Amino acid sequence: SVTKRAVAAPAQHDKVPRPVGFVPPPPPCPGKIRHFDI
Amino acid sequence: IPAAPPAPLGCDDPESEAAAEVAVNYINGQSHHGYKFTLNTIEDIRVVPQGPNNDIIFLELNLLETKCPILSPTPLANCTVRSFAEHAVEGDCDVKLQKVNGILSVLASKCHSHADSNEDVRKVCPDCSLLARMNNTEVLEAVSAALNDYNSKTTGPYLRLLEIGRAKIQYHPGHIIATEFAVGATNCSAEEAKANVGACQLLPEDQSNFGFCTAVMVKGPSQDLQVDCQLYGHQVPHIPLLSRPGVTYIHPGQDTS
């Protein structure tokens, strides 16, 4: 009889590690507010 | 392998800021009323390549009104932005530009300006006076009294009203009307005007001399009127200026193309 082999959940270290302090780039728009927002 | 398309321009990229600067200078140059506007935020930018070194650029800009009247020779960089508490006015503009061999030019622009809401101003400054409507009777009376008072005391040319820039009315404490208005020098002295004011016309364009006045009229508890007018002197107009007296303050939407 065929049985499904249990597979251990991927260990944390298998995921692609993000460099420490990774900050996603800001969205390209809208740009900065130079004075104030009404 | 075809070259990957260039990454979309970000709103804070130098190219975007350069395009926005050309657009803002164009908008101020085309406007004949109110005040100069300065860039607050580049809301969006879209580049549509037309061929080698030829792009069409669509910009969405958020501008803020400065304290410099539109006819003032003061460079925009030296113009103070009207603060929140002074009842700010913002402008939203859509501008279409073309960039050919690195040279930017404006093809069309459409702007709408509007004052901040009274509620927003009150949130920040509960006691601040608010913008009054330009056809408010008290405003019209205050501007007329201020200009008459100035003309009765000046040794310079008789001044005519071009347009009311803005006005604010405070009811408490004290009843105070603060007004700002654009003026033009006429071909009369103040003395000559007393004799025949109907003959006093704005100077022709090659001698035009525009200026700006601020006035504060106190109606209560005591009466007082302070007026200050500054003439710019003759400026060589870089565009045909169509100064039409009596123009209202906030124009609904001025298409420029």
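Read the figures in this text as sums done on the coordinates, not as results from a lab. Only a predicted model underlies this, so the values are computations on that prediction, with no experimental measurement involved. Because the Cβ atoms are built from the backbone with ideal geometry, glycine has one as well, and the counts that use them run over all protein chains shown.
Cβ-Cβ contacts under 7 Å between residues 6 or more apart (or on different chains), taken from a first residue in the range B:3-27 that is closer than 19 Å to residue B:94 by Cβ and free of Cβ contacts under 8 Å to residues at least 24 places away in the same chain to a second residue that is in a helix (DSSP H, G or I) and among the basic types (Lys, Arg), are absent.
Within the range B:96-126, how many residues are touching a residue at least 12 places away in the same chain (Cβ under 8 Å) and assigned to a helix (DSSP H, G or I)? Please lay out each step first, then the result.
Taking the range B:96-126 first, the residues touching a residue at least 12 places away in the same chain (Cβ under 8 Å) are B:96-102, B:104-116, B:118, B:120-121, B:124-125.
Narrowing the set further to residues that are assigned to a helix (DSSP H, G or I) leaves B:118, B:120-121, B:124.
The number of residues fulfilling the criteria is 4.
If only one of B:39, B:64 is within 10 Å of chain A (Cβ to nearest Cβ), surrounded by 13 or more Cβ atoms within 10 Å (Cβ to Cβ) and touching a His at 6+ places or on another chain (Cβ under 7 Å), which one is it?
Numbers: B:39 fails: touching a His at 6+ places or on another chain (Cβ under 7 Å).
Unique residue meeting the criteria: B:64.
One residue stands out among those in the range B:10-36 that are crowded, with 20+ Cβ neighbours inside 10 Å and in contact with a Pro (Cβ under 7 Å, 6 or more places away or on another chain): the one that is nearest to the other protein chains (Cβ to nearest Cβ), which is B:11. Conditions first: (1) touching a residue at least 12 places away in the same chain (Cβ under 8 Å); (2) within 12 Å of chain A (Cβ to nearest Cβ). Residue B:83 passes all but one, so which condition is the exception? Residue B:83 satisfies all of (1) touching a residue at least 12 places away in the same chain (Cβ under 8 Å); (2) within 12 Å of chain A (Cβ to nearest Cβ) except (1). Sort out which residues of the range B:1-39 are within 16 Å of residue B:109 (Cβ to Cβ) and not in a helix (DSSP H, G or I), and write them in order of number. Residues satisfying the conditions are B:31, B:32, B:33, B:34, B:36, B:37, B:38, B:39. Selection of the range B:43-57 for residues being facing chain A (nearest Cβ under 8 Å) and in contact with an Asp or Glu (Cβ under 7 Å, 6 or more places away or on another chain) yields B:43, B:44.
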